[in-house]
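Working notes, beginning with the structure itself.
The values are calculated or read from the model by the stated rules, or taken from the named source; none is laboratory data. Every value quoted in this text rests on a predicted model; they were computed, and no experiment measured them. Every residue, glycine among them, receives a Cβ derived from its backbone with ideal geometry; neighbour counts consider all protein chains shown.
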Amino acid sequence: MKLNQEQLRRLVQQYEEVYLFSTKRIESLMAEKIMTPMSIEQFGILRQLALRGPLQPKDVAALTGVHKSAVTLKADRLVKKGLVQREQDQSDRRVWYLSLTREGAEVYRRSEEEMTAFISSYLEHLEPGEVEVFLNVYEKINTLMQSGEE
C-alpha cells in the first residue's frame, strides 16, 4: 500500500512524538525507580544478556544496533556498577564474553517490571481489537527493520 504524502507526514510526526516522548519518559522512569540508573542502551545490553546468555561484545553490538566501541564503553560502565561481568573464553584467550551478574539479572527483572507497568498504563486504554492491530503493526515493522527491508 502506498501512503499519500499527508498520511505519511502525519504518521511520521506521530511516530516521532511517541518515540521521543516515550524514550525520554522511560529513561526518566529508570532513573527514578531503579537502584542503579542506566541508559536505554545499557538496558538494551542487559536485555540481550538476559535473553541470550553470555555474548561477545561484537554480538551485542549487532543485536542492539550499537557500534562495537560504544558497546565496550557501555559494558565498562555496567561492569563498574556490578551488573555485568567479563569472562574469558577458555579455548581462545583472545575472546571475551559479557554476562549478567546476579545483581544485573535482578536489575534487569525490576526494569522489565517497571517498564511493563509504565507501558501498560497507556495500553490499557486501547480496545482489544486496537491492541491486536497495534501488536501486528509493531511486529511487522520490527520484522521489516530486522531484515533490512525498506
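Condition (residue is among the β-branched types (Val, Ile, Thr), over 20 Å from residue 100 (Cβ atoms) and over 17 Å from the mean Cα position of the chain (by Cα)) applied to segment 2-25: is it met by at least one residue?
Yes, segment 2-25 contains at least one residue that is among the β-branched types (Val, Ile, Thr), over 20 Å from residue 100 (Cβ atoms) and over 17 Å from the mean Cα position of the chain (by Cα).
Which is under 30 Å from residue 148 (Cα atoms), at pLDDT 90 or above and of a type in the set (Val, Ile, Thr), of 71, 107, 66?
The conditions single out 71.
Kindly evaluate residue 14 against the criterion of being surrounded by 15 or more Cβ atoms within 10 Å (Cβ to Cβ), of a type outside the set (A, V, I, L, M, F, W, C) and in a helix (DSSP H, G or I).
no
Starting from segment 14-35, take each residue that is within 14 Å of residue 116 (Cα to Cα) and at pLDDT below 75 and list its partners that are among the hydroxyl-bearing types (Ser, Thr, Tyr) and in a helix (DSSP H, G or I), counting only C-beta distances under 8 angstrom and pairs at least six apart or across chains.
30/111; 34/111
Confirm whether residue 44 is surrounded by 10 or more Cβ atoms within 10 Å (Cβ to Cβ), farther than 21 Å from residue 29 by Cβ, among the small types (Gly, Ala, Ser) and touching a residue at least 12 places away in the same chain (Cβ under 8 Å).
No: the conditions fail for residue 44.
Show me the helices (runs of 4 or more DSSP H) entirely contained within segment 56-150 in which 3 or more residues are in contact with a helix residue (DSSP H, G or I) (Cβ under 7 Å, 6 or more places away or on another chain) and surrounded by 14 or more Cβ atoms within 10 Å (Cβ to Cβ).
The qualifying helices (runs of 4 or more DSSP H) are 57-64, 68-80, 102-123.
Farther than 25 Å from residue 140 by Cβ, modelled with pLDDT of 80 or more and touching a Lys or Arg at 6+ places or on another chain (Cβ under 8 Å), is that true of residue 42?
Against the criterion (farther than 25 Å from residue 140 by Cβ, modelled with pLDDT of 80 or more and touching a Lys or Arg at 6+ places or on another chain (Cβ under 8 Å)), residue 42 qualifies.
Can we say residue 68 is more than 18 Å from residue 116 (Cα to Cα) and of a type in the set (Lys, Arg)?
Here the answer is yes, as residue 68 does meet what is asked.
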